[in-house]
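Novice: Below you will find the structure I want to go over with you.
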Amino acid sequence: MSGARGGAVRTLRVPGRHGYAAEFSPYLPGRLACAAAQHYGIAGCGTLLILDQNESGLRLFRSFDWNDGLFDVTWSENNEHVLVTCSGDGSLQLWDTAKAAGPLQVYKEHTQEVYSVDWSQTRGEQLVVSGSWDQTVKLWDPTVGRSLCTFRGHEGVIYSTIWSPHIPGCFASASGDQTLRIWDVKSTGVRIVVPAHQAEILSCDWCKYNENLLVTGAVDCSLRGWDLRNVRQPVFELLGHTYAVRRVKFSPSHASVLATCSYDFTVRFWNFSKPDPLLETVEHHTEFTCGLDLSLQSPTQVADCAWDETIKIYDPVCLTMPA
């Protein structure tokens, strides 16, 4: 199943590039960034793709190459042209889509692959957080050429780092050590450790409507919701994926809706407040589906990317119908 509105799915094929992350611009409706890698990220270079939508589909606005695979991308929250990516060589890159060449700056401190990067959403602080296979999280001010702080404590690869959309200076990280951790930039120690799964955790996200609610997605194929006021038990568990959950995103438009993509090639939409939480399964990729985002500008619109060399934008049926 895929897509509403006559099944209209806009697809861009990028030969030789395997998609790792997709993020809608917070400023420009229809603009999308995709981080991709050659050879499934194992070897070769990476490409940052900037896409625009038009009536006939997706078009490539600009692309930037890097000498190692790009694994994640995040848009600036104070400049519509600026983004940050992270790569397999341990570096972060700052790009400007208004310029044909780049990057503007490179931040190289991590000693292994950087798998996650996120730009703070709370106004008044322009901070980037990165998570690496070197088991550290680093905090960056993009105007400063070196990291401001390093957070240690995870005992495995860090796959996901994400800022709280509610609490300034607060972020979450998810790791191969099977824990979800909550941190505060004002203190380098961890605030909360949640033994969230008995498997590697590949993704986490904060609910946009509840500052205490996060979700984790893991190699055990499950999703679990966590209330930070009491983390002894998950507040929900969602089952249905048949391989590892690669990425999870809460909806910016619906308080109890979230989306996931998986190594089972599917994208699934859920409403954790319903007795039957699985709303829809989209099966339009033929390889690991790694990148996923829900549009803030267009509440029914979703973007994803996969190792099948395609990037897709579509309107799933469940988001076009009243909740």
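Novice: Would you calculate, for the chain, the mean residue ellipticity at 222 nm contributed by helices, counting each DSSP H stretch of 4 or more residues as -39,500 (n - 2.57) and dividing by all residues, to the nearest 500?
Specialist: 0 deg cm²/dmol
Novice: Residue by residue, what Karplus-based ³J(HN,Hα) values in Hz, rounded to whole numbers, does the range 272-283 have, using 6.51, -1.76 and 1.60 with θ = phi - 60° and x for Gly and Pro?
Specialist: Ordered by residue, 3J(HN,Hα) equals 5, 8, 9, x, 10, x, 6, 8, 6, 10, 9, 10 Hz.
Novice: Pairs Lys99/Lys312; Lys186/Lys208; Lys138/Lys274: which exceed 31 Å Cα-Cα?
Specialist: Over 31 Å apart, Cα to Cα: Lys138/Lys274.
Novice: What number, in percent, do you get for the relative contact order of the chain if the mean sequence gap of Cα pairs under 8 Å and at least 6 apart is divided by its residue count?
Specialist: 15
Novice: Ignoring ligands, DNA and RNA, how do Asp205, Asp65 rank by accessible area with a 1.4 Å probe, largest first?
Specialist: Greatest to least solvent exposure: Asp65, Asp205.
Novice: Quick query: amide H of Phe265 versus all other amide H atoms, modeled in the peptide plane; which residues come in under 5 Å with a sequence gap of 5 or more or a different chain?
Specialist: Residues meeting the amide H criterion: Thr289.
Novice: Which entry in (1) 6, 27, 33, 23, 9, 2, 0; (2) 5, 21, 26, 26, 17, 5, 1; (3) 6, 29, 39, 22, 3, 0 is this structure's computed P(r) over Cα pairs in 10 Å bins from 0, in percent?
Specialist: Answer label, from the structure shown: (3).
Novice: If you don't mind, there's one more thing I want to ask. Roughly how many Å is it from the Cα centre of the range 16-57 to that of the range 193-213, as a whole number?
Specialist: The range 16-57 and the range 193-213 have Cα centres spaced 25 Å from each other.
Novice: Tell me the net charge near Leu239. Cut-off is 13 Å between Cβ atoms, Leu239 excluded, with +1 for each Lys or Arg and -1 for each Asp or Glu.
Specialist: -2
Novice: Can you give me the Cα centroid spacing of the range 163-178 and the range 222-241 in angstrom?
Specialist: 15
Novice: Now, a different point. Under a Cβ-only charge scheme (Lys and Arg +1, Asp and Glu -1), can you give me the dipole magnitude of the range 70-218 about the Cα centre, in debye to the nearest 20?
Specialist: Here the range 70-218 has a charge dipole of around 280 debye.
Novice: If I stretch the segment between Lys274 and Glu287 completely, what's the gain in nm (0.36 nm per residue apart, minus their alpha carbon distance), one decimal?
Specialist: Full extension from Lys274 to Glu287 adds 1.7 nm.
Novice: Still on this structure, please answer the following. In sequence order, what are the phi-derived ³J(HN,Hα) couplings for the range 89-101 according to the Karplus relation 6.51 cos²θ - 1.76 cosθ + 1.60 with θ = phi - 60°, rounded to whole Hz, with x for glycine and proline?
Specialist: For the range 89-101, the Karplus curve yields 8, x, 10, 10, 10, 9, 10, 10, 5, 7, 10, 6, 10 Hz.
Novice: Of the candidates Cys305, Cys290, Cys221, which one comes out as most mobile in a Gaussian network treatment of the chain with C-alpha springs shorter than 10 Å?
Specialist: Looking only at Cys305, Cys290, Cys221, the largest GNM fluctuation is found for Cys221.
Novice: What order do Ile167, Ile42, Ile162, Ile50 take when sorted by accessible area (1.4 Å probe), most exposed first?
Specialist: Highest to lowest solvent-accessible surface, that is Ile42, Ile167, Ile162, Ile50.
Novice: If you put +1 on each Lys and Arg Cβ and -1 on each Asp and Glu Cβ, how big is the dipole of the chain around its Cα centre, in Debye rounded to 20?
Specialist: Charge dipole of the chain: 440 debye, to the nearest 20.
Novice: Just the accessible area per residue of the chain, please: how many Å² with a 1.4 Å probe?
Specialist: Counting only protein heavy atoms, the per-residue value for the chain is 38 Å².
Novice: Taking the Cβ of Ser25 as the centre, find all other residues whose Cβ is under 14 Å away and add up their charges (Lys, Arg: +1; Asp, Glu: -1).
Specialist: Within the 14 Å Cβ shell, the charges total -4.
The values are calculated or read from the model by the stated rules, or taken from the named source; none is laboratory data. This is a predicted model, so every value here is computed, not measured. Cβ coordinates were reconstructed from backbone atoms using ideal geometry, including for glycine residues, and neighbour counts include every protein chain displayed. Accessible surface areas use protein heavy atoms only, side chains included; no ligands, DNA or RNA. Shrake-Rupley method; radii C 1.70, N 1.55, O 1.52, S 1.80 Å.
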